[in-house]
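What follows is a set of notes on a single structure, which appears directly below.
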Amino acid sequence: MRNRSLPIATFALASWAAIAARADDARPAPPAIRAEIGEARAPVAYWLESSLRRVYPATTPGSSSLAMTVPRAGRASFQVCVRNDSIHPVGFRCAVAGADDLKPRVRLVGLVPLPHFTPGTAPEELEGVEHGPGLVPDPLYPEDSVLVGPMESRSFWISLDVPAGAEPGPRTITARVTPWGASESVEMPVALGVAELVVKPRRDFPVIHWWRGEATWDYYGTERFDERWWELTRAQLQNMWDHGSDVMPVPLLVARREAFKRPCQLLDVEETAPGRYAFDWARTKRFIDMCREIGFREFEWSHLWIYWGAENPVRVYTPKGDGFEMLWPPDISGFSDVFLNFLDQFLPAFHEFLVKEDLLDGAYFHLSDEPGEGRHIENYRKARAILREKAPWMQGKVMDALSSIEYGREGLTDIPIPLVSSAQAYIDADIPHWVYYCCAPTGPWLNRFLDTPLAKIRMSGWLFHRQGARGFLHWGFNYWHLMEREELGDPFHDASNGSWPNIPFGDPFMIYPGKDGPLDSIRWEVFAESLQDMAVLQTAGVRPDDPRLAAIKTYADFPKSEDWLKTAIDAVLAPGP
């Protein structure tokens, strides 16, 4: 939409964009720059790529120029690519010039195995079919150089932060690649159209990614809740916040079916006498204080019944000797006198803590994750009645991932979170809801696996805005364990945690464990930019029913091309006069 208060600047930017578009139409994009380097005269190629196409080892070179429209107070990214067509390894270093005010960050795009494509998905809904199964680009390493093997392509990921005070209009920055040992570099122009629009923080759309603290001490070999663990955890949660995930899951209790020798349970619970419990909130308070320092103001609290039916209560561990034991057998009924007695003591203490720490207004509570139909509904109804009696202060704040429309129709949960493939029933019934995906759906539906097209992932924010979702939840921020086992997997070699085909590659985590902190994935970067797109739409006053979004029909039927996204972004950031 047009910014009426700044018509001259807006018109100038729109005119520049129109002129650039006509120029692009009039002449083909310049091809990759090809050269022969070193004594062996190794043939190499250099080109630029957007953030919406993966660069595989066999990717052929594209264009040596790139144009982008970017908002102020926003982020943007692109790729600088190299190909070695020789039979010898060749090293390259990458840098960005003329962009100091944009704080350019250069990272090497790493490769991980994709042994199998996502089941139930047609080739046109996948990226890299012509390159796989095989190695796919995903982790981002803090490195600005790479040794490229024979007949191989690689890329560097360039991240930019555009300040709110940046001067609107066209500008050019330069991508510079230097072969190892060479005195001269290859330079390629990146044309930035800095929009008049200053993007405001996203509003009225909370985002949650479940985080696992035990993954950190198991992977890095720290002690349970030692200072090194807190340092690594802060870096992970800062990363989460920086990528637009703004509600922090708090592992107060353990809502997992597998038994843990070292449970990630912030709340210390002691059974002082049979059936009598004491609670120590000190560690929970430290965690909350750290999260607030990062920026979090809303918090999601542990489920009180185990997932898939609310048959059993949450696991609660207590110290015993040098280890831990559960307060009750894992198969005990979720409606047993033992658990109800625990709730009678825990819930008042929990409420007191929330009030004392001023946490109640920004709290989200869970009953049980992913209940189904039939008996599950009966269990859920019974458990919700218990909470209404024992914790009336939770009213309006109980949420769960569940897809049956019955939970929404009956008001069994305050905030239903259906799968994106089940959301249409909630939309048709005009029931406010969040959305999620977890291992499914596949096929044409929105998701973000290792073979999900990046343009499709980038559509996330557009879909959430258009479809009227009130929030988003995902289970896999740093699930680095084998599924439902207290045993580490290998995220760099098996992104299904040993569970393909039930779990497609890439679903369990968005970040990789780096040496001293998290490594982003390109999927995580693109998803963050999609949330920024949502903020741009909000800032620009683009309503969900705006005609420019008419092509977005459902979470399966929507534009999935880079061209559509570029046109749509330009239409919002550089509107016509």
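The values are calculated or read from the model by the stated rules, or taken from the named source; none is laboratory data. Note that the structure is predicted; figures quoted are calculated from it, not measured. Ideal geometry is used to build each Cβ from the backbone, glycine not excepted, and the neighbour counts take in all protein chains shown. To get the accessible areas, we keep the full protein, side chains included, count just its heavy atoms, and leave off ligands, DNA and RNA. Shrake-Rupley method; radii C 1.70, N 1.55, O 1.52, S 1.80 Å.
Identify all lysines with a Cα-Cα distance to residue 382 below 20 Å; exclude those on the same chain that are fewer than 8 residues away in sequence. Answer for residue 382, where 20 Å is the Cα cut-off: 390, 397, listed by chain and number. Cross-link reach is defined here as a Cα-Cα straight distance under 28 Å, omitting same-chain residues fewer than 8 places apart; for residue 553 the lysines meeting it are 200, 456, 566. Computed 3J(HN,Hα) for segment 406-415, one whole-Hz value per residue from the Karplus formula 6.51 cos²θ - 1.76 cosθ + 1.60 where θ = phi - 60°, is 4, 5, x, 4, 7, x, 5, 10, 6, 10, glycine and proline marked x.
A compact globular protein would have a Cα radius of gyration near 2.2 N^0.38 Å; the ratio found for segment 153-221 is 1.82.
With the largest listed first and rounded to whole Å, the semi-axes of the equivalent ellipsoid of segment 391-457 from the Cα gyration tensor are 27, 13, 9.
For the pair residue 553 and residue 286 in one chain, pulling the backbone fully straight at 0.36 nm per residue adds 91.6 nm over the alpha carbon distance. Listed peptides 350-360, 427-437 appear in the order 427-437, 350-360 once ranked by packing, highest mean of other Cβ atoms within 10 Å at the front. Gyration tensor over the Cα atoms of segment 93-233: the corresponding equivalent ellipsoid has semi-axes (square roots of 5 times the eigenvalues, largest first) of 31, 26, 21 Å.
Could you state the number of Å between the C-alpha centres of segment 268-288 and segment 358-392? Centre-to-centre distance over Cα atoms comes out at 22 Å. The three principal axes of the C-alpha atoms in segment 312-420 carry coordinate ranges of 47, 35, 26 Å, sorted with the longest axis first.
The packing ranking of peptides 46-57, 508-519, highest mean first, is 46-57, 508-519, where packing means the average number of other beta carbon atoms within 10 angstrom of each residue. Hydropathy first: keep DSSP H helices in the chain averaging at least -0.5 on Kyte-Doolittle, then drop any whose Cα extent along the axis falls short of 15 Å, and list what survives. Span-like helices in the chain: 7-26, 337-356, 522-539, 562-573. The 3J(HN,Hα) values that the Karplus relation (6.51, -1.76, 1.60; θ = phi - 60°) gives for segment 248-261 are, in residue order, 9, x, 10, x, 5, 10, 10, 9, 10, 7, 6, 7, 10, 6 Hz. Gly and Pro appear as x. Solvent exposure of the chain, expressed per residue, is 40 Å² of accessible area, with all protein chains present and a 1.4 angstrom probe.
Coupling constants for segment 50-58 follow from the phi torsions by the Karplus curve (6.51 cos²θ - 1.76 cosθ + 1.60, θ = phi - 60°), and in residue order they are 6, 7, 10, 9, 6, 10, 8, x, 9 Hz; glycine and proline get x. The heavy atoms of residue 103 offer some 140 square angstrom of accessible surface to a 1.4 angstrom probe. Based on every Cα atom in segment 338-389, Rg and the maximum pairwise Cα distance Dmax equal 13.2, 40 Å. Expressed to the nearest 5 percent, the antiparallel share of DSSP beta bridges inside the chain is 75 percent.
Bridging of residue 285 to lysines at a Cα separation below 18 Å is possible for 356, once same-chain residues fewer than 8 apart are set aside. Taken about its Cα centre, the chain carries a charge dipole of roughly 1240 debye when the Cβ of each Lys and Arg holds +1 and the Cβ of each Asp and Glu holds -1. Volume of the convex hull of segment 455-577 (Cα atoms only), normalised per residue: 139 Å³. To put it simply, the accessible area of the chain at a 1.4 Å probe is 52 percent carbon and sulfur. Under Stokes-Einstein, with the Kirkwood radius over Cα pairs standing in for Rh, what whole-number D in µm²/s applies to segment 31-74 at 20 °C and 1.002 mPa s? Using the Kirkwood radius from Cα pairs, D works out to 170 µm²/s. Remark: accessible surface ordering of 552, 37 (largest first) is 37, 552, probe radius 1.4 Å.
Viscosity 1.002 mPa s, temperature 20 °C: give me the Stokes-Einstein translational D for segment 105-157 in µm²/s, with Rh taken as the Kirkwood radius over C-alpha pairs. Estimated via Stokes-Einstein, D reaches 170 µm²/s.
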